[in-house]
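Presented below is the structure to which this report refers.
Read-outs throughout are calculated quantities, based only on the coordinates presented, and are distinct from any laboratory measurement. It should be emphasised that the depicted structure is a prediction, and the values quoted were computed from it without experimental measurement. Virtual Cβ from ideal backbone geometry, glycine too; neighbours counted across all protein chains shown.
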Amino acid sequence: MRLPEDFQFTKQFEVGSFQVHPDGKIKLSSLADLLQEIAWRHADSGDFGRNLLENKQMWVLSRLEIRVFEFPKWGDTIQIFTGGRGAEKLFAFREFMVWDENKRVLARAMSSWLLLHSETKRIQKPESVLPHVLFDPSKAPSWQPEKLSIHGLLGHREELKVRHSDLDLYNHVNNTSYIRWSEDFFADLNIFPSAISINYLSECLAGDKIELSGYEEDGRRFLEGKVGSKAVFLVKIG
């Protein structure tokens with residue numbers, strides 16, 4: 001079956017009660033969980049996923065941008081599409097699209113990934129493991145997640161501690177935990193974004209204390225997470 005817009009992999013999901021806010025609409029972090037799941041399933045189906053661990057290689061999400069046009073609700077069946085969108089220098093790009101049951105586009109997302117040696121953490125060329133037909137290094141996408149920088153006046157601040165439930169298979173903080181922290185941070189300010197851009201800058205481990213600092217400039221809002229003097233992640237919401 002040919003998929004729309006040259007996507008290469010798809011899967012249906014039902015939005016569960018544990019994935020939604022009190023208003024019944026899916027959390028951004030829950031949506032990010034599903035994007036992460038389908039990305040791994042696609043990679044595993046093409047032998048460029050978890051099997052890379054045998055060669056001490058691992059994928060690290062570097063940047064992610066999610067744009068939600070309409071939030072699916074508890075009980076909705078959604079279909080998520082994903083596919084490689086080329087590579088540029090050291091980044092490999094993966095795009096996502098979310099449909100409802102009537103094939104209306106509910107959300108889109110774009111991500112950029114780095115391939116690392118799992119022990120030395122040295123960056124490796126993505127084309128060394130990726131199928132050229134899916135991640136052609138000569139066809140970088142026009143939409144790329146942006147490199148963020150903090151702007152504006154410092155506002156709300158808080159501190160949190162990395163818990164066991166925040167961790168992934170590599171004992172690092174899961175990509176989607178950062179999005180959950182960001183959602184909670186802004187919800188305390190009665191802000192519920194429909195779009196998020198996030199840059200992952202440094203690894204974060206169990207027991208780390210994260211200082212979250214919010215900034216605002218001309219209606220734009222940013223969030224910086226730091227461990228001591230080390231910047232761990234940056235977020236911009238819309």
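At a glance:
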read-out: Where GluC sites (Glu not before Pro) fall in DSSP loop in the range 71-141, at most 15 other Cβ within 10 Å; value: GLU101, GLU119
read-out: Rounded if a/c under 1.5, otherwise prolate or oblate - the range 135-214, Cα gyration tensor axes; value: oblate
read-out: Debye log10 I(q)/I(0) at q = 0.11, 0.13 Å⁻¹ for the chain, Cα point scatterers; value: -0.57, -0.82
read-out: Cβ-based net charge around GLY155, under 10 Å, with every Lys or Arg adding one and every Asp or Glu removing one; value: +1
read-out: Lysine-lysine proximity count for the range 4-128, Cα under 24 Å, sequence distance 8 or more or distinct chains; value: 14
read-out: Charge sum, other residues only, whose C-beta stays under 11 Å from LEU212's C-beta, Lys/Arg counted +1 and Asp/Glu -1; value: -3
read-out: DSSP-assigned coil residues among chymotrypsin sites (Phe, Trp or Tyr not before Pro) in the range 41-119, each with at most 13 further Cβ atoms within 10 Å; value: PHE69
